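The values are calculated or read from the model by the stated rules, or taken from the named source; none is laboratory data. What you see is a predicted model; the values in this text were computed from it and never measured. Every residue, glycine among them, receives a Cβ derived from its backbone with ideal geometry; neighbour counts consider all protein chains shown.
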Number of protein chains: 2
Amino acid sequence: MTTRAKRRIDDLGRFGGDPFFDSPRHVGQLNFPEWDRFRAGMQGIFDRRFFTNHGPKVRELEERLADHLGVRHVVCMTNGTLALTVAARALELTGSVAVPAFTFIASVQALSWAGLDPVFCDVDPVTHNISARTVREALTGDVSAILGVHLWGRPCPVDELSALASERGMKLFFDAAHAVGCSLGGRMVGGFGDVEVFSMHATKVLNSAEGGFATTDDDGLADAMRTIRSFHRDEKFTEVPLRINAKMSEAQAVMGLLSLEDLPRNCRRNAELHALYRERLCCLPGFDVVAFDEREANNHQYLIVDVDADGAGLSRNDIVLLLEGERVLARRYFTPGAHRCPPYRDDFPQYLDALPVTDRLSERLLQLPLGEGITVADVEGICALIRFFVENAAAIRPRLEGGHRGAKA
Amino acid sequence: MTTRAKRRIDDLGRFGGDPFFDSPRHVGQLNFPEWDRFRAGMQGIFDRRFFTNHGPKVRELEERLADHLGVRHVVCMTNGTLALTVAARALELTGSVAVPAFTFIASVQALSWAGLDPVFCDVDPVTHNISARTVREALTGDVSAILGVHLWGRPCPVDELSALASERGMKLFFDAAHAVGCSLGGRMVGGFGDVEVFSMHATKVLNSAEGGFATTDDDGLADAMRTIRSFHRDEKFTEVPLRINAKMSEAQAVMGLLSLEDLPRNCRRNAELHALYRERLCCLPGFDVVAFDEREANNHQYLIVDVDADGAGLSRNDIVLLLEGERVLARRYFTPGAHRCPPYRDDFPQYLDALPVTDRLSERLLQLPLGEGITVADVEGICALIRFFVENAAAIRPRLEGGHRGAKA
């Protein structure tokens, strides 16, 4: 790693200096198995000549995931977005679904593909998740379900949401894209609500390059999801109106199986880097690193900082620009909230000024690089950069306000 | 290959004899590259650590397909069904789409996922495709497009459909899942209509285990499809209301690239087996093998027989049952027509008795095994079996009518 220490603000990449890193540092995990292990698994597929359509590796992955998560059924699919859409259809939802606006846009658009409208809920300022209170405030007459999102891997308040769903005769399901390997009250995410849906995209700690799966303890729902995910006659378990191709291929499953083997190791490594970030950033003014309940299982795959511009002297957006200049590709995650994205900002304008916590978090939260591609030295470097920014905030701010001149990325 | 000659009808697997083949003979291509070639391509992905999100291999596949098909844009996706849905959304269709009922159910359900209703058209009894006449007979007021299906790889009558679409202000697109490597008037399928959509499922002559792509000469449509297929910010080319994860991974692209290299060879091999089937079956009474215009490019991936029960002495369904007993997994393709499948049979009952050609073909067409797993000896064996069935039809028919007893598969 070639890094260039910053002594003066003219040294900053943003202001024309050489970037600190010689290559980009990305957010996202990219925890991939060693090539030799993948090769062996993939060669088996070629030997069997069974490449897709619910082959032996997909079935094995479903069994292993079910064991790992302590849930009765796992239904593997080609990605998490389609798994959400398939889950919504299997639940036979109608009308609207209560969903946080502070989430990845796919959580909401997956509902739209299933013909459902969002009822946007605000989130709790501390947990960043929906609560019974925020859902109750948003509820309208035709809400058939709550879709909770376990943001950053921190589980939603499942008990109070379950009570509310029961009280109102609504289904409850979860977008657990962030939350594989996380627990609540000692129970693994995957067993909550009617269905939970996971992503195995390349950037997730458990991944199959592309991939996803749904979990449920309900035999009927599992049958419905297995039927909906494929047009195959052999895979027809129940009568459903619409089916789709959401099949996971054998190659995806091989990668997922190897990733599942590596999951404990990768979570441990994430935890170490996460702890290092917290240690380095905790005493910076205006920086609050999102923490996990260490009595629970956590995957620590997201390093999220709540940046208070008054305390730090620089806004979240300033920090992102300055880091970009050093080839650190931090993210504004999620900006804007789903209620401000098409088509919802036009179709449901009533939410535009109704979700103050979502809007506030959208302005303040920062995601920093963490995962296989990131070393201890990278974290030290990133934190040293941020410290330099904050310590020189008074001199930096007017130069940033002067415009985007001199940027070098 | 262990095969067992049939001397008496008691020798038939259906009636308790040993099956002719010692392992199943499937329809579907499974033309996969040699492991060493795939290994080399896949190892490159691990070296680059670029696994998905429109990586270099997907871009290369898009370029090579565009060259091969002589079309301006190729947009790769995770499978053909989603590519159809994405194409329908990119075309900004509303209301209904005219579509043949005699097609794989995914052609129609892909429209339903895009919020569109089918207007079912009958097909031409000779070409098995829609024509301007069959579409015109079906048209209602709110039809925004025609979706033609190039069934068995035989192109629809593009010119007359284009004229009709222009006349009525409708879009025209094609499900070309069967038709890669096929031409019409010397021009490759891929350049017709507003968009064409291909499948690269494992069972197709060009395949990536799972996969698909859309083709268009229209820059705006290509931009829209590229935007809709992914939630990635970096891949946003235009404003669209809804996006989805329909990304093709790099592993899929590597397999697709190798398959594209092999396509001419695999088409030649299919053509040889196809010719052998035609030669062996042509003089059997009641057997009419679907032929191709040999002045055009053809992939010959489907061996389809129109079985006339009066001539053959046995129905298509009888032949399928008898072949099953010999471990030949022939298919009733497509049975029933899409208009008789859920949800359409309930939502659009007006079509149930309105499509006589579709209903007739659904009862008569038989798909026989062809592809990489099938040898010349297999074809000889399958044709000898069919000849034996037909020659002994008078004795076989009463035994079949006696029920399903004694089956051994």
Of all residues in the range B:72-86, which are hydrophobic (A, V, I, L, M, F, W, C) and either within 14 Å of another protein chain (Cβ to nearest Cβ) or touching a Leu at 6+ places or on another chain (Cβ under 8 Å) (or both)?
B:Val74, B:Cys76, B:Met77, B:Leu82, B:Ala83, B:Leu84, B:Val86
Cβ-Cβ under 6 Å, sequence separation 6+ or interchain: first residue in the range A:124-139 and touching a residue at least 12 places away in the same chain (Cβ under 8 Å) and buried (at least 16 other Cβ atoms within 10 Å of the Cβ), partner assigned to a helix (DSSP H, G or I) and charged (D, E, K, R). Which pairs?
A:Ala132/A:Glu160
Of the residues that make up the range A:337-352, is at least one more than 14 Å from every other protein chain (Cβ to nearest Cβ), within 20 Å of A:Gly16 (Cβ to Cβ) and surrounded by 22 or more Cβ atoms within 10 Å (Cβ to Cβ)?
no
Tell me whether the range A:132-141 contains one or more residues that are in contact with a strand residue (DSSP E or B) (Cβ under 7 Å, 6 or more places away or on another chain) and either modelled with pLDDT under 95 or farther than 23 Å from A:Glu363 by Cα (or both).
yes
Are any residues in the range B:5-36 within 11 Å of chain A (Cβ to nearest Cβ) and at positive phi, and if so, which ones?
B:Gly28, B:Leu30
Six or more apart or on different chains, Cβ atoms under 8 Å: show the pairs whose first residue is in the range B:37-51 and within 7 Å of chain A (Cβ to nearest Cβ) and over 14 Å from A:Asp36 (Cβ atoms) and whose second is small (Gly, Ala, Ser) and in a loop (DSSP other than H, G, I, E, B).
B:Arg49/A:Gly373; B:Phe51/A:Ala202; B:Phe51/A:Ala209; B:Phe51/B:Ser249
Looking only at residues that are polar (S, T, N, Q) and more than 14 Å from chain A (Cβ to nearest Cβ) in the range B:87-107, which one is surrounded by the fewest Cβ atoms within 10 Å (Cβ to Cβ)?
B:Thr94
Identity of the residue in the range B:218-250, modelled with pLDDT under 95 and assigned to a helix (DSSP H, G or I), that ends up surrounded by the most Cβ atoms within 10 Å (Cβ to Cβ)
B:Glu235
Restricting attention to the range B:1-32, and to residues there that are within 27 Å of the chain's Cα centre (by Cα) and either among the hydrophobic types (A, V, I, L, M, F, W, C) or surrounded by fewer than 18 Cβ atoms within 10 Å (Cβ to Cβ) (or both), which single residue is farthest from B:Arg229 (Cα to Cα)?
B:Phe21
Would you confirm whether or not the range A:321-344 contains a residue that is at negative phi and without any contact (Cβ under 8 Å) to a residue 12 or more places away in the chain?
yes
What residue, among those in the range A:52-70 that are within 16 Å of A:Arg226 (Cβ to Cβ) and under 22 Å from the mean Cα position of the chain (by Cα), is nearest to the other protein chains (Cβ to nearest Cβ)?
A:Leu61
Anything in the range A:278-305 that is of a type outside the set (A, V, I, L, M, F, W, C) and either in contact (Cβ under 8 Å) with a residue 60 or more places away in the chain or buried (at least 19 other Cβ atoms within 10 Å of the Cβ) (or both)? List them, or say none.
A:Arg280, A:Pro285, A:Gly286, A:Asp293, A:Glu296, A:Asn298, A:Asn299, A:His300, A:Gln301, A:Tyr302
If you go through the range B:246-288 one residue at a time, how many are aliphatic (A, V, I, L, M), more than 14 Å from chain A (Cβ to nearest Cβ) and touching a strand residue (DSSP E or B) at 6+ places or on another chain (Cβ under 7 Å)?
1
Looking at the range A:184-210 only, could you name the residues that are buried (at least 24 other Cβ atoms within 10 Å of the Cβ) and not in a loop (DSSP other than H, G, I, E, B)?
A:Val195, A:Glu196, A:Val197, A:Phe198, A:Ser199
Quick check: is even one residue across the range A:18-36 modelled with pLDDT of 95 or more, assigned to a helix (DSSP H, G or I) and closer than 30 Å to A:Ala384 by Cα?
no
